[in-house]
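Below is one structure, written out as structure tokens; comments come after it.
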Amino acid sequence: MEIRTPAELWNERYAEPFASYGTEPNDYLREVAERIPEGPVLCLAEGEGRNAVYLAGRGHTVTAVDLSDVGLANAGKLADRRGVTIDTVVADLTTYDFGESRWAGIVSIWAHVPSAIRPALHAACARALRPGGVFVLEAYTPRHLDRPGIGGPPHPDALPAPAELRRDLAGLRLEQCREVDRDISEGKFHHGPSTTVQVLAIKPALSPPSPGTA
């Protein structure tokens, strides 16, 4: 039996352009996008680029990272169609260099990874945000597996709960970290009554030096 890599599986999914999740941005990202300050934005597991293209249209310099070269090729075509430019990087999130204090925003929409990987991934996101930078996340939670909607991995280990995210993101100021029941309509693979966790987190600004300490 042939064993395919995750990249090969995602390439197969994106072979039919934009059928999987559509071309419009995620609802939660659209709701909070104005909170992301001016500057460069990193989109994780960005697939065919619908969120990256939306943010580029709002004036951000956007980098989209994904395992799938097919998905990112489609993202480039969508950007051309919408008259914007995005940078694309084919990479595994576990080995990608996020940098330090680099990004005004980091967007994690449906970037489901195993629980053993999540703490290090989220710590890298926190380090990579500039002071005042914004982290936006939406993911399916374990409770979604009891709901009739379609979306996300079929096993709970890849689905984060709010309490876990509060621990992972302790270095950021959480303005929202909530589990919500909502209807989703995002192409073939995300639709119907669903349960997700939504996070809006801010990296604290650097404190000015105290008088007399310079």
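Summed over the residues of the chain and divided among them, the accessible surface reaches 48 Å² per residue at a probe radius of 1.4 Å. A simple packing score, the average count of other Cβ atoms within 10 Å per residue, orders the peptides 42-50, 130-138 as 42-50, 130-138, with the highest score first.
Solvent-accessible area of the chain (1.4 angstrom probe, protein heavy atoms only): carbon and sulfur portion equals 52 percent.
List the trypsin sites (Lys or Arg not before Pro) within segment 51-89 that DSSP assigns to loop and that have no more than 11 neighbouring Cβ atoms inside 10 Å. When the trypsin sites (Lys or Arg not before Pro) of segment 51-89 are filtered for loop state and at most 11 Cβ neighbours within 10 Å, nothing remains.
Charged neighbours of GLY132, selected by a Cβ distance under 11 Å, balance to +3 (K, R count +1; D, E count -1).
For segment 89-96, backbone phi angles converted through the Karplus equation (6.51, -1.76, 1.60; θ = phi - 60°) give residue-by-residue couplings of 10, 7, 7, 8, 5, 6, 10, 5 Hz, Gly and Pro being listed as x. Helices in the chain that qualify as membrane-span-like (whole DSSP H runs, Cα extent of at least 18 Å along the helix axis, mean Kyte-Doolittle hydropathy of -1.0 or higher) are 69-82.
What shape does segment 56-169 take by its C-alpha gyration tensor, where a ≥ b ≥ c are the square roots of the eigenvalues and a/c under 1.5 counts as rounded, a/b above b/c as prolate, and the rest as oblate? Here segment 56-169 falls in the oblate category. Only Cα pairs under 8 Å and 6+ residues apart enter the sum, and on that basis the relative contact order of the chain stands at 19 percent. Spatially, segment 28-52 and segment 72-144 are offset by 9 Å when compared through their Cα centroids. Rounded, prolate or oblate: which one fits segment 27-99, using the alpha carbon gyration tensor with axes a ≥ b ≥ c (rounded when a/c is under 1.5, else prolate when a/b beats b/c, else oblate)? Taking the square roots of the gyration eigenvalues as a ≥ b ≥ c, segment 27-99 is oblate.
Under a model in which nothing but the beta-carbon of Lys, Arg (+1) and Asp, Glu (-1) is charged, the chain shows a dipole of about 600 debye around its Cα centre. Taking amide H as placed 1.01 Å from N in the peptide plane, GLY133 has its amide H under 5 Å from the amide H of LYS203, each at least 5 places away in sequence or on another chain.
The values are calculated or read from the model by the stated rules, or taken from the named source; none is laboratory data. As the structure is a prediction and not an experimental result, all values here were calculated from the model. As a convention, Cβ positions derive from the backbone with ideal geometry for all residues, glycine included, and neighbour counts pool all protein chains shown. Please note that ligands, DNA and RNA were not included when accessible areas were found on the heavy atoms of the full protein model with its side chains. Shrake-Rupley method; radii C 1.70, N 1.55, O 1.52, S 1.80 Å.
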